[in-house]
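**Q** Sharing a structure here in structure tokens format.
The values are calculated or read from the model by the stated rules, or taken from the named source; none is laboratory data. Everything numeric in this text was worked out from a predicted model, so none of it was measured. Here the Cβ positions follow ideal geometry from the backbone for every residue, glycine too, while neighbour counts run over all protein chains shown. Accessible surface areas use protein heavy atoms only, side chains included; no ligands, DNA or RNA. Shrake-Rupley method; radii C 1.70, N 1.55, O 1.52, S 1.80 Å.
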Amino acid sequence: MSETPETYYPDTGLLAVLARLGFGLCLLAIFLAVIAPGWLTPKLLHSHYLQHFAAFYVAACAGLAAMPRTRIRRIAIGYLLFALALAITQFTRGASLEVAVQNWVADAGGTVAALAPVVVERFRRMFAPRPA
């Protein structure tokens, strides 16, 4: 008796396409917010660093959805390098080193906060109940 093969959601399915579109829009919005003049960027939260944290949290969640077969480590490194590039851009455009580093820390915190539950769940799956 043959088992039916597992089915996978297609890469061209509507949800997959929307996830990749959302991922791209998140990265574009973050990049534009960094290079735009301060008066042009919306102030959605009271804290500047909380805005950085939230932006990278949402973007990392979008990245997880857009790249379901990519290793978590690779996604994390990509976001941390993206945040580093943005911090360097801010520094070269006149921000102090302290502000650029604090922005990077907030960005890294948002990334780690979004990816941590996935890592913990994969760790927990290693301890699945053993068959009796």
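**Q** Return one number: the angle in degrees, 0 to 90 and rounded to the nearest 10, between the long axis of the Cα atoms of helix 72-92 and the longest principal axis of the Cα atoms of the chain.
**A** 10
**Q** Say each of LEU28 and PHE123 gets a label point 7 Å from the Cα, pointing the same way as Cα to Cβ; how far apart are those two points in nm?
**A** 3.7
**Q** Any idea what % of Cα-Cα pairs in region 56-95 are farther than 13 Å?
**A** Counting every Cα pair in region 56-95, those more than 13 Å apart make up 56 percent.
**Q** Whole-Hz ³J(HN,Hα) for each residue in region 50-63, computed from phi via Karplus 6.51 cos²θ - 1.76 cosθ + 1.60 with θ = phi - 60°, x for glycine and proline: what do you get?
**A** Here the 3J(HN,Hα) series is 5, 5, 4, 4, 5, 4, 6, 4, 5, 5, 5, 4, 5, x Hz.
**Q** Follow-up. Ignoring ligands, DNA and RNA, what percent of the 1.4 Å accessible area of region 9-66 is carbon and sulfur?
**A** 79
**Q** Can you give the accessible area per residue of region 7-104, in Å², using a 1.4 Å probe?
**A** About 68 Å² of surface per residue is accessible.
**Q** On to the next question. With all protein chains present and a 1.4 Å probe, how do LEU15, LEU115 order by accessible area, largest first?
**A** LEU15, LEU115
**Q** Long-range amide H contacts for THR41: which residues qualify at under 5 Å (H placed 1.01 Å from N, peptide plane, sequence gap of 5 or more or a different chain)?
**A** none
**Q** Just to confirm the number: angle between the C-alpha axis of helix 97-125 and the first principal axis of the chain, 0 to 90 degrees, nearest 10?
**A** 10
**Q** Over the chain, what is the relative contact order in percent, taking alpha-carbon pairs closer than 8 angstrom and at least six residues apart?
**A** 30
**Q** May I pose another question? Need one number: the % of Cα-Cα pairs in the chain sitting beyond the 17 Å mark.
**A** Result: 65 percent of Cα pairs exceed 17 Å.
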